[in-house]
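For reference, the structure is listed below as structure tokens.
No lab work stands behind these numbers, since they all come straight from the coordinates. Please read these numbers as outputs of a predicted model, since none were measured by experiment. Reconstructed Cβ throughout: ideal geometry from the backbone, glycine too, with neighbour counts over all protein chains shown.
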Number of protein chains: 2
Amino acid sequence: MRYRVKVEVSLKPGHSDPEGETTARLLRELGYSVENVSVSKVYTLLLNAASHDEAANKTEEMCRRLLANPTKDNYTICVEEAP
Amino acid sequence: MRYRVKVEVSLKPGHSDPEGETTARLLRELGYSVENVSVSKVYTLLLNAASHDEAANKTEEMCRRLLANPTKDNYTICVEEAP
């Protein structure tokens, strides 16, 4: 089976997010009433796996091994069947 | 009212995504059966606006003015009330 997996990798609270801070400042300079901006990254994977659970487990492993930095990143995983 | 707005900015189809390609290659080298990886960026904004519609319209404007490049980017906007 083919699965589409979305992994959102975001900074843990307390870590500085210079890109978000700069974006917030620029938006305020353009006149928008923005309190805060944070930036995260989404990996959308097309993955072959035997089941939904296997796709989720493999992706969890990929996050630990490559996609996220455990020191500074949180991540969420969302698995759906690919058409 | 305060709104939490998520803006996902992704590449339009046909634009090359070197970060996604490299990630896919690395995951394959680690033994995962990955067909494709694409990378997108999520801006999470905390925004003051009079209504849900105003928050959505302002964010649409921010995308056109700053957050997305109309030549190469698609974007989706999701607005919810912030606690």
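Residues whose amide H comes within less than 5 Å of that of A:ASN36, counting only those at least five positions distant or on another chain, are B:LEU46 (H built at 1.01 Å from N in the peptide plane). The three principal axes of the C-alpha atoms in region B:2-81 carry coordinate ranges of 50, 26, 14 Å, sorted with the longest axis first. With the dipole of chain B worked out from charges on the C-beta (+1 for Lys and Arg, -1 for Asp and Glu) around the Cα centre, which of B:SER38, B:VAL5, B:MET62 lies farthest toward the positive end? Highest projection toward the positive end goes to B:MET62.
To the nearest 10 degrees, how steep is helix A:52-62 against the longest Cα principal axis of chain A, on a 0 to 90 scale? Once rounded, one gets 50 degrees. Taking 7 Å steps out from each Cα toward its Cβ at A:SER33 and A:HIS52 produces label points 4.2 nm apart.
Working note: Karplus 6.51/-1.76/1.60 with θ = phi - 60° gives region B:71-81 the couplings 5, 10, 10, 9, 8, 10, 10, 10, 10, 9, 5 Hz, where Gly and Pro are set to x.
With contributions of -39500 (n - 2.57) from each DSSP H run of at least four residues, the per-residue ellipticity at 222 nm computed over chain A stands at -8500 deg cm²/dmol. Label-to-label distance, B:GLU61 versus A:ALA82, with points set 7 angstrom from Cα along the beta-carbon direction: 4.0 nm. Measuring between their Cα centroids, region A:9-53 and region B:36-70 lie 11 Å from each other. Against chain A, whose longest principal axis is taken from its Cα atoms, helix A:18-29 shows a tilt of about 50°. Annotation: lysines with alpha-carbon distance below 22 angstrom to B:LYS12 (same-chain offsets under eight excluded): A:LYS6, A:LYS41, B:LYS41, B:LYS72.
When the trypsin sites (Lys or Arg not before Pro) in region A:7-83 are filtered for DSSP coil states and for at most 14 other beta-carbon atoms within 10 Å of their beta-carbon, the remaining sites are A:LYS72.
Computed from phi, the 3J(HN,Hα) profile of region A:6-12 under the Karplus parametrisation 6.51, -1.76, 1.60 (θ = phi - 60°) reads 9, 10, 9, 10, 10, 6, 5 Hz, with x in place of Gly and Pro.
For region A:1-57, the relative contact order works out to 54 percent when only alpha carbon pairs closer than 8 Å and six or more residues apart are counted.
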